[in-house]
Amino acid sequence: MEYSKNLYLFAMKKLSLSLIILFLGMGAFAQVDRVDGLIPRPASVKKENGTYTLPASFTLSYGERPELKDMAERLAAQLRGVTGATIRVATPANASEIVLTLSNAAGTTAEGYRLNVNASGVAITASNPAGIFYGIQTLLQLLPPDVNGNTAQNIPWDIPYVEIEDHPRFGWRGLMLDVSRHFFTKEEVKRYIDDMVKYKFNVLHWHLTDDQGWRIEIKSYPKLTSVGAWRVNKTGTFGNFSKPEPNEPRDYGGFYTQDDIREIVQYAKERHVNILPEIDVPGHSLAAIAAYPELTCTPGKYEPSSGDRFMVWPGGGQHFYGLIDNSLCPAKEEVYVFLDKVFGEIAELFPFEYIHMGGDETARNFWDKSPLIKALMQKEKLKNLDEVQSYFVKRVEKIINAKGKKMIGWDEILQGGLAPNATVMSWRGMKHGIEAAKMGHEVIMTPTDFVYIDYMQSDRIMEPPVYASLRLKKVYQFDPVPNGVDNKLIKGGQANLWTEQIYTFRQVQYMTWPRAFAVAEVLWSPNKTRNWKEFVQRVESQFLRLDAAKTKYAPSMYDPEFKVTKKGTNQVEVTLINEVDGLDIHYSFDNSYPDEFYPKYTAPLLVPKDAFQLKVITYRDGKPIGRMIAMPVEELKKRAGVK
Ligand code: ACM
């Protein structure tokens, strides 16, 4: 009884708290007009006075161009659903309220468009269907946020008058999704595509294989998915899980059939997204090895990793190594037969001109001891393991090129000599990308320090623990084209979402937004218009749209950063830094929950001798906006090096 009463009280408390949060949420974000709220910011915007309101019945026309038919129908379906309007989709352009015009005379770039909204309605013009598509995305952001919902709202469906001319800064605007460490369903991948295109991303890099699971059906090697797609389900902190016991079910996982892949590729194509498939070799291959152990230099019994520790990063400049062998063996011809078949099927399934072969973080300690590798080195005159790795990568490039595709690899493919036609994805900072561009190779910039969105977004006591932190403001400082580099070779950039610590699709969303807003803007908008303060306002404007779409996002930008210094022998001074301007920080050291009547942070705080925790919360205009943070004093001491 007591238990259920407590549960009831707890539920009521939770309910009233959610209501409070709901009301606060409605008023908390600074309201900016929708033109100023656009992400990514268009290349050129001319605001006009007035708004156009969609009538209860209207026509959406797309000229005589069949390429636009499906796009027009989808836009009409979305608008019907949320406005309840009667919408006629027609080809003639006269007397229509929304007009899509595809015409060479538009003179826009490959993905550019013009969008005009005035008293006669909405006109989107472009030379290419992709431009029309991006014009539609901008139009949707100019409509009320509820356009992202899924029920009809009886509100004025108004659109501000505006003249926009827009085009992207880079042709490669990517997001990478790791579906190996955790599996995400076909519907979730489609939802990810829906969300990315709203912000004009055009490449989905799909990390389909890794040590924890092989996620794509390969007809020539069925065990890749019957064995390699399944592992023990564990919850907690990845990398520290217990070893799978013999009696634990290997029932976590999944894979996409080739029909699923074709369906997703088509879905992406209709939304102007290219899918870059990644088959990560020769390292990160434990799932493949579990299925076909003969692919390693050290065949034995293997299974996909369930998240227990099997690699060691000793630090101090020492090379990492594997506790078990998760690398394919470059000295075995059957490995190249395998890769020929796998990349052959991949090339058939994915129309994109590139295939990614991974190439990162290959543990080579088992190669080092292998007589097969020694023999290969002698035969091919390879001086060291870098050259062995490079020999492997060059052979993979030949296979991929023979399938009519260009090869991309992570920047380790530079080690021991770059394959002749390879495109480099620079992740260990930008220096390897610069090196590759100087050698005349194409580059995609995805440096950990700016765009690894698997990293934590605020203080590590507030976020699921993972390797490092990367706040929104830092992401917004990303520039893929460093000084002194031939920028034609830098095709663009992308943010990478590794999913070791991401167990659900809600958390995929939380990690992606708002940091992918920053990436979208960096990759699309002119560099000279970048402005952090205005960007924050645009982010808040977009939060309303994510709310309407029921998309989860991180409020971490409202959490202050904690900096500590040691004072004297045993005291800690704490400096709190807000990422967003105009927030007040209130705090307590007495374990109670601070509100706006508590002391306001104005200068570094000396932690009282006996204090147990520092609680802080940010307010804006008298309303809480950040999360309640309970920072243990022990933690502050540890960070400051105080005993
Ligand atoms: C990587 O993050 N290992 C490419």
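The values are calculated or read from the model by the stated rules, or taken from the named source; none is laboratory data. Owing to the predicted nature of the structure, the values given are computational and were not obtained by experimental measurement. A quick note on method: Cβ atoms are made from the backbone with ideal geometry, for glycine too, and the neighbour counts reach across all protein chains shown.
The strands (runs of 3 or more DSSP E) located wholly in the range 129-211 that include 2 or more residues which are closer than 21 Å to residue 102 by Cα and touching a residue at least 40 places away in the same chain (Cβ under 8 Å) occupy 158-166. Scanning the range 563-584 for residues that are charged (D, E, K, R) and either part of a strand (DSSP E or B) or at pLDDT below 95 (or both) returns 563, 566, 567, 573, 584.
Looking across the range 383-395, the residues that are away from the ligand (no atom under 16 Å from the Cβ) and in contact (Cβ under 8 Å) with a residue 12 or more places away in the chain come down to 384, 385, 386, 387, 388, 390, 391, 392, 394, 395. Filtered by the rule that a residue be under 28 Å from the mean Cα position of the chain (by Cα) and of a type in the set (Val, Ile, Thr), the range 536-584 gives 536, 539, 551, 577, 580. Annotation note: Cβ proximity below 6 Å between a residue of the range 52-80 that is surrounded by fewer than 17 Cβ atoms within 10 Å (Cβ to Cβ) and a residue that is hydroxyl-bearing (Ser, Thr, Tyr) (sequence gap 6+ or interchain) occurs for 57/86; 64/91.
Could you list all residues from the range 257-286 that are in a helix (DSSP H, G or I) and within 16 Å of the ligand (Cβ to nearest atom)?
Going through the range 257-286, the residues in a helix (DSSP H, G or I) turn out to be 258-270, 286.
Within the range 257-286, 286 is the sole residue that qualifies.
Name the residue, out of 417, 433, that is of a type in the set (Gly, Ala, Ser), modelled with pLDDT of 95 or more and away from the ligand (no atom under 15 Å from the Cβ). Write out each step before concluding.
Values: 433 fails: away from the ligand (no atom under 15 Å from the Cβ).
Answer to the check: 417.
crowded, with 17+ Cβ neighbours inside 10 Å, part of a helix (DSSP H, G or I) and within 16 Å of the ligand (Cβ to nearest atom): does that describe residue 557? No, not satisfied.
State the number of residues belonging to the range 436-458 that are buried (at least 19 other Cβ atoms within 10 Å of the Cβ) and either of a type in the set (A, V, I, L, M, F, W, C) or within 30 Å of residue 632 (Cβ to Cβ) (or both).
First, pick out the residues of the range 436-458 that are buried (at least 19 other Cβ atoms within 10 Å of the Cβ): 436-437, 441-447, 450-458.
Next cut, either of a type in the set (A, V, I, L, M, F, W, C) or within 30 Å of residue 632 (Cβ to Cβ) (or both) only: 436-437, 443-445, 450-458.
Within the range 436-458, residues that are buried (at least 19 other Cβ atoms within 10 Å of the Cβ) and either of a type in the set (A, V, I, L, M, F, W, C) or within 30 Å of residue 632 (Cβ to Cβ) (or both) number 14.
Looking across the range 415-435 at every residue that is free of Cβ contacts under 8 Å to residues at least 40 places away in the same chain and surrounded by 24 or more Cβ atoms within 10 Å (Cβ to Cβ), the one that is nearest to residue 379 (Cα to Cα) is identified as 419. Checking each residue in the range 523-543 for being without any contact (Cβ under 8 Å) to a residue 60 or more places away in the chain and either within 16 Å of the ligand (Cβ to nearest atom) or of a type in the set (Val, Ile, Thr) (or both) picks out only 536. In the range 219-252, which residues are farther than 30 Å from residue 345 by Cβ and buried (at least 16 other Cβ atoms within 10 Å of the Cβ)? Residues satisfying the conditions are 234, 239, 241. One residue stands out in the range 585-609 among those that are under 13 Å from residue 625 (Cα atoms) and assigned to a strand (DSSP E or B): the one that is nearest to the chain's Cα centre (by Cα), namely 585.
Name every residue in the range 420-430 that is of a type in the set (Phe, Trp, Tyr) and more than 14 Å from the ligand (Cβ to nearest atom), in order of residue number. I'd like the intermediate steps shown before the answer.
First, the residues of the range 420-430 that are of a type in the set (Phe, Trp, Tyr): 427.
Across the range 420-430, there are no qualifying residues.
Listed here are the residues, each with its yes/no results for (1) away from the ligand (no atom under 16 Å from the Cβ); (2) over 14 Å from the mean Cα position of the chain (by Cα); (3) under 22 Å from residue 168 (Cα atoms).
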{"residue": "448", "(1), (2), (3)": "no, no, no"}
{"residue": "459", "(1), (2), (3)": "yes, yes, no"}
{"residue": "462", "(1), (2), (3)": "yes, yes, no"}
{"residue": "468", "(1), (2), (3)": "no, yes, no"}
{"residue": "485", "(1), (2), (3)": "yes, yes, yes"}
{"residue": "497", "(1), (2), (3)": "no, no, no"}
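Listed by position, the strands (runs of 3 or more DSSP E) inside the range 50-113 whose residues that are under 21 Å from residue 167 (Cα atoms) number at least 1 are 98-102. Give the range 363-382 a look and list any residue that's away from the ligand (no atom under 16 Å from the Cβ) and buried (at least 18 other Cβ atoms within 10 Å of the Cβ), or say none. Scanning the range 363-382 gives 366, 367, 370, 373, 376, 377, 382.
Here is the figure for the range 515-565: residues that are under 24 Å from residue 190 (Cβ atoms) and among the basic types (Lys, Arg) total 4.
Criterion first (away from the ligand (no atom under 13 Å from the Cβ), without any contact (Cβ under 8 Å) to a residue 60 or more places away in the chain, in contact with a Ser or Thr (Cβ under 7 Å, 6 or more places away or on another chain) and not acidic (Asp, Glu)) does residue 441 satisfy it? Considered against the rule, which asks whether it is away from the ligand (no atom under 13 Å from the Cβ), without any contact (Cβ under 8 Å) to a residue 60 or more places away in the chain, in contact with a Ser or Thr (Cβ under 7 Å, 6 or more places away or on another chain) and not acidic (Asp, Glu), residue 441 comes out as yes.
Determine whether residue 337 is hydrophobic (A, V, I, L, M, F, W, C) and surrounded by fewer than 16 Cβ atoms within 10 Å (Cβ to Cβ). So residue 337 passes the test.
Rundown of residues vs (1) surrounded by fewer than 17 Cβ atoms within 10 Å (Cβ to Cβ); (2) closer than 13 Å to residue 571 by Cα, yes/no style:
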site	(1), (2)
586	no, no
604	yes, yes
619	no, no
633	no, yes
643	yes, yes
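On inspection, residue 412 passes the criterion of being in a helix (DSSP H, G or I), within 14 Å of the ligand (Cβ to nearest atom), out of contact with any helix residue (DSSP H, G or I) (no Cβ under 6 Å at 6 or more places or on another chain) and closer than 24 Å to residue 172 by Cα.
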